[in-house]
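Okay, structure first, notes after.
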Amino acid sequence: MRLSPARLSSCLSALSLALAIGAEPDLKPIFTGTDLTGWKVPDGNDAAGWYKAIDGVLKIQSDASKVGSVLWTEQSYHDFVISFDFQFGEGVIDTGIHLRNQDQIQIGISGSLKRDMTGSPYVGGKYPVEAKGVADLLKPKEWNSMKIEARGMHYLVWLNGQQVLDFTSTTGIPEGPIGIQLHGGKDMGVEYRNIKLAELK
């Protein structure tokens, strides 16, 4: 069957749209690996020593004397995808990624629940749902990969290539910076690397 030029053009346009929708976003580094350019290091309590860029790795270290803080991006974002690797260090790890405000995707042990809630949303002071299949996917002594997509208040999370969360928040805001949380008051070390982001249209 021969398609008319108009019909062929319409089919090609539809195909191009489908390919664009299914294409992976163009993720670009937001962590240089050598310094904290593009990030706001919290003031006080020697915070500059808590977050260190060494050989491509963001090393975060806390102890019993330090107050918790958040390392925020200088830039604010609407809809985005962020991907990164993380690795647990010493101590009981309690960290996470803030999505524009206090909405957070947990990484490590919940201080309130006393169990691992990696990939789960912490919003409004609670965990409304729990990420699925994390116990089988998480590698406690190795590097793990995570990807988070935030479209409006709709959050998707993948851990080591598998989707573990599909959640819609009622407490988020449409625009803001992204943060990496450090809990104080405990001996804890965690590392991040390959932090990349793509803004979504």
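Key figures for this structure:
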{"item": "Any hit, region 170-191, residues being without any contact (Cβ under 8 Å) to a residue 60 or more places away in the chain, in a strand (DSSP E or B), surrounded by 14 or more Cβ atoms within 10 Å (Cβ to Cβ) and within 16 Å of the chain's Cα centre (by Cα)", "result": "no"}
{"item": "Residues that are more than 24 Å from residue 75 (Cβ to Cβ) and touching a Phe, Trp or Tyr at 6+ places or on another chain (Cβ under 8 Å), drawn from region 168-184", "result": "168"}
{"item": "Evaluation of residue 195 against (1) among the β-branched types (Val, Ile, Thr); (2) over 30 Å from residue 35 (Cα atoms); (3) in contact with a Phe, Trp or Tyr (Cβ under 6 Å, 6 or more places away or on another chain) (one fails), failing number", "result": "(2)"}
{"item": "Residues located in region 97-110, provided they are of a type outside the set (Val, Ile, Thr) and on the phi < 0 side of the Ramachandran plot", "result": "98, 99, 101, 102, 103, 104, 106, 110"}
{"item": "Those residues of region 137-162 which are part of a strand (DSSP E or B) and in contact with a Gly (Cβ under 6 Å, 6 or more places away or on another chain), in sequence order", "result": "157, 159"}
{"item": "Which listed residue is surrounded by 16 or more Cβ atoms within 10 Å (Cβ to Cβ), acidic (Asp, Glu), more than 20 Å from residue 197 (Cβ to Cβ) and modelled with pLDDT of 80 or more, from 55, 94, 103", "result": "94"}
{"item": "Any hit, region 140-150, residues being touching a Lys or Arg at 6+ places or on another chain (Cβ under 9 Å) and farther than 15 Å from residue 82 by Cβ", "result": "yes"}
{"item": "Among (1) touching a helix residue (DSSP H, G or I) at 6+ places or on another chain (Cβ under 7 Å); (2) at pLDDT below 95; (3) surrounded by fewer than 17 Cβ atoms within 10 Å (Cβ to Cβ) - the single one residue 65 does not satisfy", "result": "(1)"}
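The values are calculated or read from the model by the stated rules, or taken from the named source; none is laboratory data. Just so you know, these numbers come straight off a predicted model, no measurement behind them. We place every Cβ from the backbone using ideal geometry, glycine too, and count neighbours over all the protein chains shown.
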